[in-house]
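First the structure, in the form of structure tokens, and then the observations on it.
The values are calculated or read from the model by the stated rules, or taken from the named source; none is laboratory data. Note that the structure is predicted; figures quoted are calculated from it, not measured. A quick note on method: Cβ atoms are made from the backbone with ideal geometry, for glycine too, and the neighbour counts reach across all protein chains shown. What goes into the accessible areas is simple: the full protein's heavy atoms, side chains included, and nothing from ligands, DNA or RNA. Shrake-Rupley method; radii C 1.70, N 1.55, O 1.52, S 1.80 Å.
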Amino acid sequence: MVTETRTSSDFRRRVTVAAIAVAICIGLLGLRLATLQVWQHQDHATKAENNRIALLPMQAPRGLILDRYGEVLARNVAGFSVELEPGTTVDVDPLIEALTPLINLTPADIRRFKRELASARKFDPIAFKTKLTDEQVAKVAVRIEALPGVRIERRPIRAYPYGESSSHLIGHIGRVSQFDQERLEKDGEVQLYAGVTHIGKLGIEKSYEATLKGDIGVQKIEIASSGRIIRELGVRPAVPGRNIQLSVDFGLQQLVEAAYGNRRGAMVAMDPNSGEILAFVSMPNFDPNAFVDGVDPDLWEGLNTSLDKPMLNRALRGIYPPGSTYKPFMALAALASGERNPEDTIQDPGYFMLGSHKFRDSRPEGHGRVDLKKSIVVSSDTYYYRLAMDLGVDGIFKYIAPFGFGRRTGIDMEGEAAGILPSSEWKMKRFGVAWLTGETPSIGIGQGYNAFTMLQLARATAAIANGGKLMRPRLVRAIEDQNGRYEPLPGEVEEVLDFRPEWIEFVTQAMVEVNQSGTSARVMAGTPYKVAGKTGTSQVFSVKQGEKYIESRVAERLRDHSLYVAFAPAESPTVAIAVVVENGGFGAAAAAPIARKVLDFLLVTRSQPSNLK
């Protein structure tokens, strides 16, 4: 009996303890439930709503790029693409296998898709293929239910209607890469590109990205727990990018490109009074359309390994010794420094001796008695060897640097090369050794360490043409405002050079004589306008002392570069030009004929009212 009583008592205790434990657990659960449902209700309701609702950024239509006469050089075309729906988590290999016969997916398409898929951000649509034909769209549409995660979208596609023409000027866009993403994070611009799939990569497309891209819109959507989009709840439209009008004449661009043919080089034409760039040509070109949705690796490798370097913007980044086109600037340095007067003469025997080294003239027999004007007209190397020695490398630098050589012009395009205008200080910083006297004579004829862009050479030539104003060059003439109007941007004078008007006039008249009786007289014969110009030939490699340069015996890519600078009409200039034809030989043979075509087009063809478009 006692045992039964003890057992019953133990049982009641255990039941009581268990009941208390259960009551405590229920109390805790109730407290937690009250916390979640009452005190933290709003916070969790918001989180739940955020899990159910997503805001998808919408990329704005990109602004157009037009030439100075309204020709559209970069536009948006309506097109269909087959895409993987944002947020979809499915095995893509079966989808690729199913889509390949429907839309003709190539190995390059598949490689691009997988590359972009691996680096895509959340809710970025990834296209299997863009620019589908109507037949391809129909084939996918009838099978869409059997393709989970696949959708057909109508999207604006960036297009360059003239293909390769002016590609270095216009540039191209491409998909936002990991490098772009890191740069945007560094610059604090990530939010501006949320949902934006493409960005400017080169040329005007890159340099004016902020103007062209517009402002993103927002699509409010409902999503399932799997991440799939259920329905659209609202839209805030994107604001289209603004259109840009270039100062460049596209008709002139095409003419110059045709004149180059398969040759390599660069040409810049500039309005000396405003700084507007009228032509900005780099040859050879590339097709920017191939880059919009990711360039094929094989094509990219071919472009980068080509000896012709089609991806090099020679007008912006190509640097060349200026050769004898440097002599008008040296003549101004001679006058400004007082080292020469116009009437001072030398006897030119066809060479200049410095110690035991002979610096040869392009004319072996020499030019006889030469004064400053004749030195430009006949292009006497001997005259400028001696002048260089009298000025010294630092004296040359002092009077030549104001023309902008050896520094960036500040043009409105990213990636400009600075070039090299040597000095003793520059050499010490660059190589850690002192300047040698024997290096000076070659500097005087535009050889040696001298290396400039055609943009720099065109701007410096324009400074002679306009009487001594160094203009800041620009490619964009106007940007469209909200009312659809284009207001031309004003010219910007960077510096007024300290050269007397009579000195500039003297050099101008010498450059005019170059085209009347000098080195380019034959090319410029019969022009209905007066041209001031100067030919140039720059060495790619130096022959040994005592040897003669014979072009036909030299490999094509080791031959001299052909250069020419000019402005016209000489009495009231409206255009200044710098041209280089790589390995083209004598300046009057290759570069000057291209300049003649440019001047005829601008001063004759374009002067007719019916030909302004």
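Here are a few things to note about the model shown:
- For the set T16, T440, solvent exposure ranked by accessible area (probe 1.4 Å, protein chains only) runs largest to smallest as T16, T440.
- Per-residue extension of 0.36 nm, minus the Cα-Cα distance of Q178 and N341, leaves a gain of 52.6 nm for this segment.
- Solvent exposure, largest accessible area first (probe 1.4 Å, DNA, RNA and ligands not counted), of V575, V540: V540, V575
- Chain lengthening between V142 and N262 when straightened (0.36 nm per residue, less Cα-Cα): 38.4 nm
- Near D296, once Lys and Arg are set to +1 and Asp and Glu to -1 for all other residues with Cβ below 15 Å from its Cβ, the sum equals +1.
- Using the 1.4 Å probe convention, the accessible area of segment 135-209 works out to 48 Å² per residue with neighbouring protein chains retained.
- Summed residue charge, Cβ within 12 Å of T409's Cβ, Lys/Arg positive, Asp/Glu negative: 0
- Residues whose amide H comes within less than 5 Å of that of G265, counting only those at least five positions distant or on another chain, are M283, E582 (H built at 1.01 Å from N in the peptide plane).
- The string of couplings for segment 420-435 from the Karplus curve (6.51, -1.76, 1.60, θ = phi - 60°) is 9, 10, x, 8, 5, 5, 4, 5, 5, 5, 6, 10, x, 9, 7, 5 Hz, one whole number per residue in order, with x for Gly and Pro.
- Extending 7 Å from Cα along the Cβ direction at H357 and again at D187 yields two label points whose distance is 4.6 nm.
- Coil-residue trypsin sites (Lys or Arg not before Pro) of segment 440-487, DSSP, other Cβ within 10 Å capped at 12: R485
- Separation of alpha-carbon centers, segment 561-613 and segment 437-469, rounded to whole Å: 19
- The chain - mean residue ellipticity at 222 nm from DSSP helices (-39,500 (n - 2.57) per run, n ≥ 4, rounded to 500): -10500 deg cm²/dmol
- Overall, the ratio between the Cα radius of gyration of the chain and 2.2 N^0.38 Å, rounded to two decimals, is 1.37.
- D498 accessible area, assembled protein chains, probe 1.4 Å, Å²: 140
- Summing Lys and Arg as +1 and Asp and Glu as -1 over all other residues whose Cβ lies under 11 Å from the Cβ of Y399 gives a net charge of -2.
- Restraint check, K206/K597; K131/K201; K114/K309; K131/K213, Cα-Cα greater than 23 Å: K206/K597; K114/K309
- For segment 387-465, the relative contact order comes to 38 percent (Cα pairs under 8 Å, sequence separation of at least 6).
- Table column - 3J(HN,Hα) (Hz), segment 472-481, Karplus curve with 6.51, -1.76, 1.60, x for Gly and Pro: 7, x, 8, 9, 8, 8, 7, 10, 5, 8
- With N the number of residues in segment 223-378, Rg(Cα) / (2.2 N^0.38 Å) evaluates to 1.82.
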